[in-house]
Amino acid sequence: LAKTTQPISMDSYEGQEVNITCSHNNIATNDYITWYQQFPSQGPRFIIQGYKTKVTNEVASLFIPADRKSSTLSLPRVSLSDTAVYYCLVGGGRSNTGKLIFGQGTTLQVKP
Amino acid sequence: EPEVTQTPSHQVTQMGQEVILRCVPISNHLYFYWYRQILGQKVEFLVSFYNNEISEKSEIFDDQFSVERPDGSNFTLKIRSTKLEDSAMYFCASSEGPGGYGYTFGSGTRLTVV
């Protein structure tokens, strides 16, 4: 499974757009890129998944350049409740057992 | 929205005792998992389970650990003889397929070994 690198922490203010970038230089051809959110004392929650280009859902957007060696999670107009740890994971594919490898994630602190 | 349900939410046990952590995965999911998170550390994979057998396990998942799907709806993690270092949040998860989409975690069981 490809290793990922993302910032340890980020600060933002309510109403701002937040972009968290993750690098995954060794991504394999059949790997997907998935982002999870975790609040204290809760399980990780799936946010968004993509393979290439751009994916958008009601919560976030995911931008993936053509070389797929990085990805950017974009959270529009964050609120205090978006304060959480955000994890970028790379893997998947048909032969996968489903194991997810979490890094340290990015702790996002949203301030009023 | 379908949920993965875990019970109990908090369990305190004495060192050396056996504990069973219980999970009810989402009904149409076929892949089941256990993860743990020691306080202040990252989420760690323990085991994946598919078609009534373990498909992958980590180094953490030694002979003290076992998993079972006893009745087609529950998925359990047993720790045979707990150690202090087993204190952690244990998360159950399930997914339709192994690819990550729709992978859903439960809220966890906080295990405290004293």
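The values are calculated or read from the model by the stated rules, or taken from the named source; none is laboratory data. Remember, it's a predicted structure, so these values are computed and weren't measured experimentally. Because the Cβ atoms are built from the backbone with ideal geometry, glycine has one as well, and the counts that use them run over all protein chains shown. Remember, those area values only see protein heavy atoms, side chains included, never the ligands or the DNA or RNA. Shrake-Rupley method; radii C 1.70, N 1.55, O 1.52, S 1.80 Å.
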Could you list, in sequence order, all residues of segment B:76-110 that are in a strand (DSSP E or B), among the polar types (S, T, N, Q) and either touching a helix residue (DSSP H, G or I) at 6+ places or on another chain (Cβ under 8 Å) or facing another protein chain (nearest Cβ under 10 Å) (or both)? B:94, B:95, B:104
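Residue-wise test of (1) touching a residue at least 24 places away in the same chain (Cβ under 8 Å); (2) within 11 Å of chain A (Cβ to nearest Cβ); (3) surrounded by fewer than 20 Cβ atoms within 10 Å (Cβ to Cβ).
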| position | (1), (2), (3) |
| --- | --- |
| B:3 | yes, yes, yes |
| B:8 | yes, no, yes |
| B:16 | yes, no, yes |
| B:57 | no, yes, yes |
| B:66 | no, no, yes |
| B:69 | yes, no, yes |
| B:74 | yes, no, yes |
| B:112 | yes, no, yes |
Of everything in segment A:27-52, what is at pLDDT 90 or above and of a type in the set (S, T, N, Q)? Give them in sequence order. A:34, A:37, A:38, A:42, A:49
Looking only at segment B:23-40, which residues are within 13 Å of residue B:91 (Cβ to Cβ) and either among the aromatic types (Phe, Trp, Tyr) or surrounded by fewer than 21 Cβ atoms within 10 Å (Cβ to Cβ) (or both)? B:32, B:33, B:34, B:35, B:37, B:38
Which of (1) open to solvent by 30 Å² or more (accessible area, probe 1.4 Å); (2) in contact with a strand residue (DSSP E or B) (Cβ under 8 Å, 6 or more places away or on another chain); (3) within 22 Å of residue B:98 (Cα to Cα) is the odd one out, the single condition residue A:26 does not satisfy? (2)
Given the options A:59, A:55, name the one that is without any contact (Cβ under 8 Å) to a residue 12 or more places away in the chain, under 13 Å from the mean Cα position of the chain (by Cα) and surrounded by fewer than 19 Cβ atoms within 10 Å (Cβ to Cβ). A:55
Looking for something within 12 Å of chain B (Cβ to nearest Cβ) and surrounded by 13 or more Cβ atoms within 10 Å (Cβ to Cβ) - is there at least one such residue anywhere in segment A:76-85? yes
Selection count, segment A:34-45, where residues are more than 9 Å from chain B (Cβ to nearest Cβ) and assigned to a strand (DSSP E or B): 2
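Name the single residue, out of those in segment A:93-107 being touching a Ser or Thr at 6+ places or on another chain (Cβ under 6 Å) and not hydroxyl-bearing (Ser, Thr, Tyr), that is modelled with the lowest pLDDT.
Ranking the candidates gives A:98 first.
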Do we find that residue A:57 is within 14 Å of chain B (Cβ to nearest Cβ) and not β-branched (Val, Ile, Thr) in this structure? yes
I need a count of the residues in segment B:21-52 that are outside any strand (DSSP E or B) and either closer than 15 Å to residue B:75 by Cα or under 10 Å from the mean Cα position of the chain (by Cα) (or both). 8
In the set A:98, A:103, the lone residue that is in a loop (DSSP other than H, G, I, E, B), within 14 Å of another protein chain (Cβ to nearest Cβ) and surrounded by fewer than 20 Cβ atoms within 10 Å (Cβ to Cβ) is A:103
